[in-house]
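Please read the structure below before turning to the comments.
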Amino acid sequence: MAVHTVRSPATHLHTGTSRNISPSHRKPNDAIRLSFRSPKLRRFISVSSSLHEGNEHGKENSVRALEVKKIPEDSPLLPKPLSSNQLAEPVSNGSRVRVAYQGVRGAYSESAAEKAYPNCEAVPCEEFDTAFEAVERWLVDRAVLPIENSLGGSIHRNYDLLLRHNLHIVGEVKLAVRHCLLANHGVKLDGLRRVLSHPQALAQCENTLTRLGLVREAVDDTAGAAKLIALEGLSDAAAVASAKAAEIYGLSIVVEDIQDDSDNVTRFLMLAREPIIPGTNRLFKTSIVFSLEEGPGVLFKALAVFALRQINLTKMESRPLRKTPLRASGGLKYFDYLFYVDFEASMADEVAQNALRHLEEFATFLRVLGSYPVDTTML
Ligand SMILES: O=C(O)C(=O)C[C@]1(C(=O)O)C=C[C@@H](O)C=C1
């Protein structure tokens, strides 16, 4: 299958000017330190008392200090995505939680942001990287980014960015993704030759698209594909996108529910500058990343720290350790890996603390990415 890559039309305009408020300008929060014997574990759980256990919604006082500025929209129709080089020009409305997502209006990520933070101001960003940076630079309060899909698998880029940036996972949100084939009004199915969408969306509709014999073209996001088709008045191309995107960009739905499985769910992470205080009052999950020495049974040993304590693992992903991708040992060359593991326990549980203390004994690197409530809305 040939997948060509085309970029969405240039739509990254300025979103206005206001003052960038760095963390040092904030009113200091009382830092709470949970007590751990291990210095490494102590470092993980340096938390702000202004964010409360298990409930992200309504706990936004710590970011209210941001300046209130109306965002001038130079498009009469749509907000424009933040691009990396616009990050120096921050905006903040202040009255609602501002949540960065990747894509343009009508993207699934926008719906995920709205599900995670009802009534938020969803801020479109050009790239995943931009969304991370927008939070780090106080342009927005949170980011909501996809991490895995039940059909397409992991979104590796975001695993890598989690490590490269210093944000904390403060929640997760699952979204049912129902793809439609969208085209300009009057375009018929048999007149279509190409289909444009995000690579994940194309992968999730693999069977249908093969059956229809359409040539795939990858773009930055599903809604961006719909927008491009509408703006350019294409008659030989369709977009794989949401019904919401059809409405926003004035396209018609040629075929509904084209994903390969009706249970198509994408899991998104909610990211913030500060971690939440982990609780034990509801089901919590903890995400960690670690690396290990090479050797027989080392990974087995690492996973045993959880199995021994009856801690359930919900996800595991390995990524290349980029700075030292190849390591020589005994004349052989090995790849080095980072292991990302999600397990079902809160960092407030002693059993989880013990497991990590145990893992720390032989891990060459260990970082807790976040301890946060499980999204049980789709169980
Ligand atoms: O393109 C979009 O609409 C997105 O929100 C991105 C994205 C992804 O990256 O996986 C999100 C949900 C769907 O799985 C398809 C695409």
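The values are calculated or read from the model by the stated rules, or taken from the named source; none is laboratory data. As the structure is a prediction and not an experimental result, all values here were calculated from the model. Cβ placement follows ideal geometry from the backbone for every residue including glycine, while neighbour counts extend to all protein chains displayed. Ligands, DNA and RNA are excluded from the accessible area calculation, which covers all protein heavy atoms including side chains. Shrake-Rupley method; radii C 1.70, N 1.55, O 1.52, S 1.80 Å.
Need one word for region 284-373: rounded, prolate or oblate. Basis is the Cα gyration tensor (sqrt eigenvalues a ≥ b ≥ c); a/c below 1.5 gives rounded, then a/b vs b/c decides. Prolate, because a/c is 1.5 or more and a/b exceeds b/c. Take the Kirkwood radius over Cα pairs of region 178-255, plug it into Stokes-Einstein at 25 °C and 0.890 mPa s, and you get 210 µm²/s for translational diffusion.
Peptides 363-370, 154-161, 224-231 ranked from most to least packed by the mean count of surrounding Cβ atoms within 10 Å: 224-231, 363-370, 154-161. Rolling a 1.4 Å probe over the heavy atoms of the protein chains gives region 129-266 an accessible area of 36 Å² per residue.
For residue 216, the accessible surface of its heavy atoms amounts to roughly 20 Å² (probe 1.4 Å, protein chains only, rounded to the nearest 10).
For the pair residue 211 and residue 156, label points projected 7 Å from Cα toward Cβ lie 3.0 nm apart.
Model label points for residue 137 and residue 96, set 7 angstrom from Cα along the Cα-to-Cβ axis, are 2.3 nm apart.
Which pairs, out of 115/188; 188/244; 244/315; 227/285; 115/227, put more than 32 Å between their alpha-carbon atoms? Please report the intermediate quantities before stating the final value.
Details: 115/188 34 Å; 188/244 20 Å; 244/315 30 Å; 227/285 37 Å; 115/227 23 Å.
115/188; 227/285, as the Cα separations exceed 32 Å there.
Please report the carbon-and-sulfur percent of the accessible area for region 178-255; probe 1.4 Å, protein heavy atoms only, DNA, RNA and ligands left out. Can you show the working numbers first?
Details: 1590 of 3030 Å².
On region 178-255, the fraction of accessible area on carbon and sulfur atoms equals 52 percent.
Given their separation in residues at 0.36 nm each and the Cα-Cα distance between them, residue 350 and residue 176 gain 59.2 nm when the chain is fully extended.
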